[in-house]
Amino acid sequence: MALELTVSQKQELAIVAKKIVAPGKGILAADESNGTMGKRLASIGVENIEENRRTFRQLLFTSGQELGNHISAVILFHETLYQKDDSGKLFVDILKEQDIIPGIKVDKGVVQLLGTKNETTTQGLDDLGKRCAQYKADGAQFAKWRCVLKITDSTPSELAIQENAHVLARYASICQQNGLVPIVEPEIIPDGDHSLAVCQGVSQRVLAATYKALHDHHVFLEGTLLKPNMVTEGASHATKASPAEVANATVVTLARTVPAAVPGIVFLSGGQSEERAIIAQLYNNR
């Protein structure tokens, strides 16, 4: 007999996915690695030690009742999932009391693909089932995994597209088996001098391959979310597209590739300024 999700498992995944993308709310990404946190703390002259990282996250999660009015979910780093506030209460419980869904970053970073021009895949599948089961038991309800592709004259290669699509599908399948909603993140980084049209073409290839892989791995799409880049020109391209042009290219790309069963899409800013990304997102929502 084939291993399949039960009806109740599917229902739980679908409910959590829809709650994460509730209207008027967004996801707070607090999953910076210790190294990344070190850079942020260094900018304000603070030592990168566990206690300072804990205090920083506590400041975010206890900022007041307005947090729960605008934030639906928080992506946590492994260390943060198990940290507590000054009174000894777990951050996970603090978030749940505000009706905020805790999630966890589960990938272990990128490694280079042999025989490619500095293209990468993402590692962390080997023990993912065990880790997901533990994270679920410890309060997480969704997970995030990032794959990275880049645009040059010769990339992304078909190998990189197919490898990362397969990795994302395997990750999503393992998450769902263990009760976590997978956020699927095939990010095309904005580095380069490519045009908006080139980025749109590559984005369509990547997303089409990703959803083909998700289908092949029997992933329950209603219990997933997509976290893509917006379709933009390369950071060093001479002509900058308007927010309306970015939004139009992005929406067309998604309409051509993302199945209607997917309950929501949460965007990366994709290297854009805060203002430009927000304006483009406003156009996306029209």
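Structure notes:
- Residue in segment 21-36 that is farther than 29 Å from VAL262 by Cα and free of Cβ contacts under 8 Å to residues at least 24 places away in the same chain present: yes
- Residue match in segment 220-234 (condition: open to solvent by 40 Å² or more (accessible area, probe 1.4 Å) and over 22 Å from LYS105 (Cα atoms)): no
- In segment 51-76, the residues that are of a type in the set (Phe, Trp, Tyr) and under 16 Å from LYS25 (Cα atoms): PHE61
- Residue within segment 53-62 that is at pLDDT below 95 and among the hydroxyl-bearing types (Ser, Thr, Tyr) present: no
- Scan of segment 100-128 for residues that are exposed (fewer than 14 other Cβ atoms within 10 Å of the Cβ) and of a type outside the set (S, T, N, Q), ordered by number: GLY109, VAL111, LEU114, GLY115, ASP126, ASP127
- Residues located in segment 174-219, provided they are in a loop (DSSP other than H, G, I, E, B) and open to solvent by less than 10 Å² (accessible area, probe 1.4 Å): LEU180
- Taking the criterion of being part of a loop (DSSP other than H, G, I, E, B), buried (at least 16 other Cβ atoms within 10 Å of the Cβ) and either under 17 Å from the mean Cα position of the chain (by Cα) or acidic (Asp, Glu) (or both), the only residue of segment 1-24 that qualifies is VAL21.
The values are calculated or read from the model by the stated rules, or taken from the named source; none is laboratory data. Owing to the predicted nature of the structure, the values given are computational and were not obtained by experimental measurement. Methodologically, a virtual Cβ is constructed for each residue, glycine included, from the backbone with ideal geometry; neighbour enumeration extends over all protein chains shown. All accessible areas refer to the heavy atoms of the entire protein, side chains included, with ligands and DNA or RNA removed. Shrake-Rupley method; radii C 1.70, N 1.55, O 1.52, S 1.80 Å.
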